[in-house]
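Values quoted throughout were computed directly from the atomic coordinates according to the rules given, and no laboratory measurement underlies them. Given the structure is predicted, the values throughout are model-derived calculations rather than measurements. Counting neighbours? That spans all protein chains shown, and the Cβs are built from the backbone with ideal geometry, glycine included.
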Amino acid sequence: MLSASFSLSEAIQQFSLMVDFDIIKKDNSKINIQHVKLDGCEYLSSACKKKFQGGIFETLFKASNLPRACPIQPNKLYEVRNHTISLENIPMAMPALTFQVKINFFRLKQALGDVLIVASARY
């Protein structure tokens, strides 16, 4: 179940993402399988076209008023409430596992915020 909300005090024309994707092992140690810096605006506008995440983002955008492109407008409450990502939207190549995704948002060298998602894929 995913719920989140945020608003901005000023418009964002450009931002970057630092994404870490970790698999959490049974002993709670982590294996990092992705550490990447992305152009946030470019990622937003192409998120639904990505092979792995496309289905997840498509349902997330339908269930919320999250922005799909930059600029991200100020003084607007963006929300997603009680959203469940169903197994139909996850590629079957993904094994049953627990994972963590940490996303840091920043503009130039200024931190804007971060998101931590810990979830399990179970079949």
- request: For Lys76, enumerate residues with amide H under 5 Å from its amide H, sequence gap 5+ or separate chain, H modeled in the peptide plane.
  value: Leu8
query: Got a sec to turn the phi values of region 102-111 into Karplus ³J(HN,Hα) couplings, 6.51 cos²θ - 1.76 cosθ + 1.60 with θ = phi - 60°, whole Hz, x for Gly and Pro?
result: 10, 10, 9, 9, 8, 10, 6, 10, 8, 5
Whole-Hz ³J(HN,Hα) from phi, Karplus 6.51 cos²θ - 1.76 cosθ + 1.60, for region 73-80, glycine and proline x: 6, x, 6, 10, 7, 9, 9, 9
- line: Given a Förster distance of 35 Å, the FRET efficiency implied by the Cβ-Cβ spacing of Lys26 and Val80, rounded to the nearest 0.05, works out to 0.70
- line: For region 20-32, in residue order, the Karplus 3J(HN,Hα) values (coefficients 6.51, -1.76, 1.60; θ = phi - 60°; whole Hz; Gly and Pro = x) are 10, 10, 10, 8, 9, 7, 4, 8, 6, 6, 10, 10, 7
